[in-house]
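Here's the structure, in structure tokens; my notes come after.
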Amino acid sequence: MPMHTLADGHSLYYELSGPADADTLVLLNGLTMNTAAWGWHTPLYAGQFQVLTLDLRGQGQSSKPEADAYPLAQQADDVASLLDALGIARAHVLGLSYGGMVAQHLARQHPAKVARLVLASTLAYSDAANAAIAASWEAAQCTGGGDQLFTDMLPWVFGSQFLASQQAMLQAMRALAAQAPWEPVRRLSNGVLAHDARPWLGQLRQPTLVVVGSEDRMTPRYQADALVAGIAGARLEVLPGVGHASHLEALPQFVALTSAFLREA
């Protein structure tokens, strides 16, 4: 099992696939995701890139140290440490939701390591609406456990078309979600509550693509607009009829769109 040991003794689980002589693409997970969630995407990207997936601190098979929160800046440093250990000097970075916030910090703290940047379904800053959603999820977990939490998350995470047409997939996802420990999720969420990149987005110089679904209720269009306004030259793509889980709800379009952007000279 490939693990990278960090300077503080904790470890990150990672997977590396695709041609070693190709540009590297790093895929950064959403809050409750792990590397397995990219299982449909990795083969599609691996024909063009060397693909690095990883479980961030608090996710999947990586360490879940006790803490009040996992700061996003620390997560970005962890990713940079893994890139160094793998001898990857520079990579494209695609961050989804939580991973998009980590990607923002990585691009700021380690700019030389990030070639092109994709920020998908993510926040420029945490606001009162985001804090209220986080509080409601914690209440759901405390009162009804993982099953109630999944039920409460459904309208926030998925668009109407996906909810109407993918009941079998959603039931499988419900079963998996029930197995995830809550405390690491709470620590990850607490790190998000401190996020506000607006004061320093202008420092980012990487070519950037911002992707948002037209039905995204979790990280809505005004958050995407804030990212585009703050990052010079950033491009916006809105996926019609798609909710927060843009990578899954519009999988072929998502991969084609992001791949084309990452291959640009």
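The values are calculated or read from the model by the stated rules, or taken from the named source; none is laboratory data. All of these numbers come straight from a predicted model, not from anything done at the bench. Cβ atoms come from the backbone with ideal geometry, glycine included; neighbour counts cover every protein chain shown. Side chains are part of the model used for accessible areas, which takes the heavy atoms of the whole protein and leaves out ligands, DNA and RNA. Shrake-Rupley method; radii C 1.70, N 1.55, O 1.52, S 1.80 Å.
Residues of the stretch 187-195 include at least one that is within 16 Å of the chain's Cα centre (by Cα), at pLDDT 95 or above and open to solvent by 60 Å² or more (accessible area, probe 1.4 Å).
Checking Asp23, Asp55, Asp77 one by one, the residue that is closer than 25 Å to Met169 by Cβ, touching a helix residue (DSSP H, G or I) at 6+ places or on another chain (Cβ under 8 Å) and of a type in the set (Asp, Glu) is Asp55 and no other.
Looking at the stretch 136-185 only, could you name the residues that are part of a helix (DSSP H, G or I), aliphatic (A, V, I, L, M) and open to solvent by 60 Å² or more (accessible area, probe 1.4 Å)?
From the stretch 136-185, those part of a helix (DSSP H, G or I) are 136-157, 160-165, 167-177, 182-185; that's our starting set.
Imposing the further condition that a residue be aliphatic (A, V, I, L, M) reduces the set to 139-140, 149, 153-154, 157, 163-164, 168-170, 172-173, 175-177, 185.
Selection gives Ala164, Ala168, Leu176.
Residue count for the stretch 20-35, restricted to those that are open to solvent by 80 Å² or more (accessible area, probe 1.4 Å) and within 20 Å of Leu154 (Cβ to Cβ): 1.
For the structure I just gave you, tell me whether Glu237 is touching a Phe, Trp or Tyr at 6+ places or on another chain (Cβ under 7 Å), farther than 26 Å from Ala128 by Cβ and of a type in the set (D, E, K, R). Judged against the criteria, Glu237 is not a match. If you take the residues in the stretch 210-225 that are among the hydroxyl-bearing types (Ser, Thr, Tyr) and touching a residue at least 12 places away in the same chain (Cβ under 8 Å), which one is least open to solvent (accessible area, probe 1.4 Å)? Filtering the stretch 210-225 for residues that are among the hydroxyl-bearing types (Ser, Thr, Tyr) and touching a residue at least 12 places away in the same chain (Cβ under 8 Å), the one least open to solvent (accessible area, probe 1.4 Å) comes out as Thr219.
Is it the case that Gln109 is touching a Phe, Trp or Tyr at 6+ places or on another chain (Cβ under 9 Å) and of a type outside the set (A, V, I, L, M)? Before you say what the answer is, go through the steps one by one.
Working: touching a Phe, Trp or Tyr at 6+ places or on another chain (Cβ under 9 Å): no; of a type outside the set (A, V, I, L, M): yes.
No; evaluated as a whole, the condition is false for this residue.
If the condition is being in contact with a helix residue (DSSP H, G or I) (Cβ under 9 Å, 6 or more places away or on another chain) and closer than 21 Å to Leu56 by Cβ, then the stretch 182-199 contributes Trp182, Val185, Arg186, Leu188, Ser189, Asn190, Gly191, Val192, Leu193, Ala194, His195, Ala197.
Taken over the stretch 216-265, the criterion of being acidic (Asp, Glu) and farther than 21 Å from Arg205 by Cβ is satisfied by Asp216, Glu249. In the stretch 38-91, which residues are aromatic (Phe, Trp, Tyr), buried (at least 16 other Cβ atoms within 10 Å of the Cβ) and over 29 Å from Ala194 (Cα atoms)? Those that are aromatic (Phe, Trp, Tyr), buried (at least 16 other Cβ atoms within 10 Å of the Cβ) and over 29 Å from Ala194 (Cα atoms): Tyr45, Phe49. Residues in the stretch 72-92 that are within 12 Å of Leu25 (Cα to Cα) and in a helix (DSSP H, G or I): Leu83 only.
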